[in-house]
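The values are calculated or read from the model by the stated rules, or taken from the named source; none is laboratory data. Since the model is a prediction, treat every value here as computed from it, not as a measurement. Don't worry about glycine lacking a Cβ; one is built from the backbone with ideal geometry, like all the others, and counts go over all protein chains shown. Surface accessibility is based on the protein's heavy atoms, side chains included, excluding ligands, DNA and RNA. Shrake-Rupley method; radii C 1.70, N 1.55, O 1.52, S 1.80 Å.
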Amino acid sequence: MPPRPPVAATQTGDAGLVAAGVRLADAPPAPTWWHEAVFYQIYPRSFADGNGDGIGDFVGMTARLDYLADLGIDALWISPHYPSPLRDLGYDISDYLTVDPQYGSLDDFRGFLDGAHARGIRVILDLVLNHTSDQHPWFAESRLSATNTKRDWYLWRDGRDGGPPNNWMSQFGGSAWQLDPATGQYYYHAFLVDQPDLNWRHPELREAMWQAVRFWLDLGVDGFRLDAIGNLFKAPELPDHVSARSVFELWWAWQTATSDEERSATTAGLTELFRHQLDQPEVHELMRELRRLVSAYPDRVLVGETDRVEFYGHDDELNLTFNFPLMQTDRLTASWIRRNQTRQWTELPPGAWPATTLGNHDTSRIRSRFSAGDDDLARARLAAAVVLTLPGTPFLYYGEEIGMTDFLLEDVEQFRDAWGLWFHRSAEAELGLSAPEALVISSRFGRDKSRTPMQWTNAANAGFSPEGAATWLPTNPNHRSGVNVAEQLTDAGSLLRFYRRLLRVRRRTPALRRGDLTMLVGSDDVLAFVRRSLPDHQACLVVLNLSDRPQRLRLDVGTDALDTLFSTRSQRGVIERPTDLRMAAHEIYIAELE
Ligand code: NOJ
């Protein structure tokens, strides 16, 4: 017998709140590995240094595969590992067909991939289609003359009235056009000057890039995370934008927004500014072409760095896009998450499945963002539970499982992130701040803070590199006070042990991996929902008390008993005839409906 659907839940204390379950999401009709997998993002420079040079590499990553297998993740996303001048730390690729020597050789990569597969872990790569490095041989050739065969692989235009072709801005500040003295024309770059955009309207460029895609698929990688796909096409007539605000001004407003409303208004401002540079309709035809290519290989996945649901197409474009709006808040309240889920599942086309995440290499770390203040570990646990129990494919970011925090650099000489450096310069130039003031905000808003070396032990260099090595970014000193793998492995109450436990429960609970979603109405404090998988005859209740006070939940879930699968409070077993569920402060409770 399939479990009965939940009927209602009321949180006591909220007078007048008569709550009913709202069915929001269907289960995926034909779940595959990537619907159910938990992904873990590795920033290769920062995960494990195998040769003691202060920079992460594949030998180091391979040595940590057992750790990842024991953690209980199913797949890895590796941020760019290709040769690169590192102006954007690998997102500026100068050769798509091999490994940056800093990270090892192609054989090291093969060893890593085989080792991952042997442990049942899949590996997807980061694919940067929008731009190359200006050091890529394609661009070197393209800039040689206005008539060479690779000229139109990039976007070259004549200037206008002694200046750039139009007023488009780079997402990293300043004009999006760079004058190249060799030919007196400008090339377009959505990001850094060192990252010229490719012209995807050129068939030979497409074929050259598809060769690179086949190269990695032939090696056995399991798919790709597609970088910046919204940028791939720009409005062909190059119309000026009409925004009156500068990129820096908008980013600054975004970073300093004090309410969710203010932040979404700024997001709208950014969309307006980049209207002609992003999300042009032709991109969908390109995504279909890529999907056809990838589908020739069994069981591969395409994940797009976008939250636009149009990228699912009719299940003929991407497999997953990110639910980024979920992370665009400073406070994870139950109503924020309910609103997010309602919107997400209304917008997604039928059968589509999102990727759920709260952190990556471009954002603040979860523990710094959502957990500030007392009880920060309890809040970090709750954030993890949100990602791991809502329907969707979870993406974790390296180090979040041990509660790594943002590390704010105290010297601009240590900055490695070009965006952080631009923010620093702009804070001085546009806000008129002194250098020390600019340092404070740019270390906070730059991206180095969340890319520091993984903290393996409490020894010097956090066990990432041997003692005495100069690591590429400093290690966060909190590795000496418990924020490290070695100590947390032996501490049953640690965040790491919590992640491992929850990941195990998820792995053995089909309803959590692939079930549908019925949201139970509650307050700002308590998020309660049911995940149900009819083919597995299983339904689970998930209750997250996001507040720091005990809460009572009046339940009518059409069930005789709740069989506890997971709780952060001890001594929870089977609860007979559950009508009144008492939740401890910050408690995470998951139970099977009997
Ligand atoms: C998105 C990547 O996540 C980010 O790190 C990078 O700077 C830009 N795309 C440009 O590639």
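Take the Cα gyration tensor of the range 24-106, multiply each eigenvalue by 5, square-root it, and list the three semi-axes largest first, rounded to whole angstrom. Numbers along the way, then the final one.
Numbers: eigenvalues 168, 59, 20 Å².
Semi-axes, largest first: 29, 17, 10 Å.
Would you please classify the overall shape of the range 135-267 from the alpha carbon gyration tensor, given that a ≥ b ≥ c denote the square roots of the eigenvalues, rounded means a/c under 1.5, and beyond that prolate means a/b larger than b/c while oblate covers the rest?
Oblate, because a/c is 1.5 or more while a/b does not exceed b/c.
Helix 282-295: angle to the longest alpha-carbon principal axis of the chain, degrees 0 to 90, nearest 10?
70 degrees
Putting +1 on Lys and Arg Cβ atoms and -1 on Asp and Glu Cβ atoms, find which of SER494, ALA118, SER368 reaches farthest to the positive end of the dipole of the chain.
Going by the charge dipole, the pick is SER494.
Relative to the present Cα-Cα distance, how much length would full extension add between ALA435 and ASP152 at 0.36 nm per residue of separation? Kindly include the intermediate steps, with their values, before the conclusion.
Details: separation 283, 0.36 × 283 = 101.88 nm, distance 4.16 nm.
Additional length available on full extension: 97.7 nm.
Placing +1 on the Cβ of each Lys and Arg and -1 on the Cβ of each Asp and Glu in the chain, which of PHE395, ALA146, PHE47 has its Cα farthest towards the positive end of the resulting dipole?
With unit charges placed on the Cβ atoms, the residue in question is PHE395.
Mind checking the angle between helix 106-118 and the chain's longest principal axis? C-alpha axes, 0 to 90 degrees, to the nearest 10.
20 degrees
Which value, in Å² and to the nearest 10, is the accessible area of THR346 when all protein chains are kept and the probe is 1.4 Å?
110 Å²
Which of the three applies to the range 258-358, rounded, prolate or oblate, going by the alpha-carbon gyration tensor with a ≥ b ≥ c and a/c under 1.5 meaning rounded?
Oblate is the answer for the range 258-358, as a/c is 1.5 or above yet b/c matches or exceeds a/b.
Find out how many positive minus negative residues lie around VAL99, taking Lys and Arg as positive, Asp and Glu as negative, among other residues whose Cβ is under 10 Å from that of VAL99.
-4
Only residues of the range 191-231 count here: report those whose backbone N is under 18 Å from the spot 7 Å along Cα→Cβ of ALA296, or say none.
It comes to 203-224, nothing else.
Along Cα→Cβ, 7 Å out, is where each label goes; now give me the distance between the ones at GLU428 and GLU207 in nm to one decimal.
A separation of 4.9 nm, rounded to one decimal place.
Pull up all non-local amide H partners of THR132: gap of 5 or more, or a different chain, and H-to-H distance under 5 Å with H placed in the peptide plane.
Hits under the 5 Å cutoff: LEU198.
Amide H to amide H under 5 Å from SER175: which residues, 5+ apart in sequence or cross-chain, H placed 1.01 Å off N in plane?
Residues meeting the amide H criterion: SER170.
Sketch the reach of a paramagnetic label on ASP114 as a point 7 Å from Cα along Cα-to-Cβ, and name the residues of the range 46-79 whose backbone nitrogen lies under 18 Å away.
58-66
HIS586: net charge of surrounding residues, Cβ under 12 Å, Lys/Arg +1, Asp/Glu -1, itself excluded?
Result for the local shell: -2.
Got a sec to turn the phi values of the range 526-538 into Karplus ³J(HN,Hα) couplings, 6.51 cos²θ - 1.76 cosθ + 1.60 with θ = phi - 60°, whole Hz, x for Gly and Pro?
Listing the rounded values in order: 10, 9, 9, 8, 10, 10, 9, 10, 4, x, 9, 6, 9 Hz.
Take the Cβ-Cβ distance between ARG288 and ASP161 as r, set R0 to 35 Å, and report the resulting FRET efficiency rounded to the nearest 0.05.
0.35
Under the classification rounded if a/c is under 1.5, otherwise prolate if a/b is larger than b/c and oblate if not, where does the range 68-110 fall, given a ≥ b ≥ c as square roots of the Cα gyration tensor eigenvalues?
It comes out prolate by the Cα gyration axes.
For the pair GLN414 and ASP180, what calculated FRET efficiency results from E = 1/(1 + (r/R0)^6), where r is the Cβ-Cβ distance and R0 = 30 Å, to the nearest 0.05?
It comes out at approximately 0.40.
Once label points are set 7 Å from the Cα along Cα→Cβ at both SER105 and ASP53, what is their separation, rounded to one decimal in nm?
Here the modelled spin labels are 1.4 nm apart.
Could you give the accessible area per residue of the range 385-486, probe 1.4 Å, as a whole number in Å²? Display every interim value, and only then the final one.
Working: 3410 Å² over 102 residues.
It amounts to 33 Å² per residue over the range 385-486.
For the chain, find the longest principal axis of its Cα atoms and tell me its angle to the long axis of helix 495-507, 0 to 90°, nearest 10.
Long axis of 495-507 versus the principal axis of the chain: about 80 degrees.
What is the spin-label model distance, in nm, from ASP260 to ALA469 if the labels are put 7 Å beyond Cα along the C-beta direction?
Distance between the two pseudo-spin positions: 4.3 nm.
Can you give the net charge of the other residues whose Cβ lies under 15 Å from the Cβ of ASP299, counting K and R as +1 and D and E as -1?
Once positives and negatives cancel, what remains is -1.
Place a +1 charge on the Cβ of each Lys and Arg in the range 242-337 and a -1 charge on the Cβ of each Asp and Glu, then give the dipole magnitude about the Cα centre in debye, rounded to the nearest 20. If you can, show how the numbers build up before the last one.
Details: 9 positive and 17 negative charges, 26 e Å.
Around 120 debye, computed over the range 242-337.
How large a share of the accessible area of the range 59-122, in percent, is made up of carbon and sulfur atoms when the probe is 1.4 Å and the other protein chains stay in place? Write down the numbers at each step before the final one.
Working: 1010 of 2100 Å².
On the range 59-122, the fraction of accessible area on carbon and sulfur atoms equals 48 percent.
Dipole of the chain, Cα-centred, from +1 at each Lys and Arg C-beta and -1 at each Asp and Glu C-beta, to the nearest 20 debye?
1580 debye
Please give the peptides 264-275, 530-541 ranked by average Cβ packing (other Cβ atoms within 10 Å per residue), highest first, as a rough proxy for protection.
Descending mean neighbour count gives 530-541, 264-275.
Take the Cβ-Cβ distance between LEU489 and SER246 as r, set R0 to 41 Å, and report the resulting FRET efficiency rounded to the nearest 0.05.
Working from the Cβ atoms, E equals 0.30.
With unit charges on the beta carbon (Lys/Arg positive, Asp/Glu negative), name the residue among GLN195, ALA212, ILE229 whose Cα is farthest towards the positive pole of the charge dipole of the range 185-249.
Working it through, the farthest residue towards the positive pole turns out to be ILE229.
With charges set only on the Cβ (+1 for Lys and Arg, -1 for Asp and Glu), what does the dipole of the range 89-177 come to about its Cα centre, in debye to the nearest 20?
Rounded to the nearest 20 debye, it is 220 debye.
When only the heavy atoms of the protein chains count and the probe is 1.4 Å, how do ARG225, ARG379, ARG572 rank by accessible area, highest first?
The ranking, largest first, comes out as ARG379, ARG572, ARG225.
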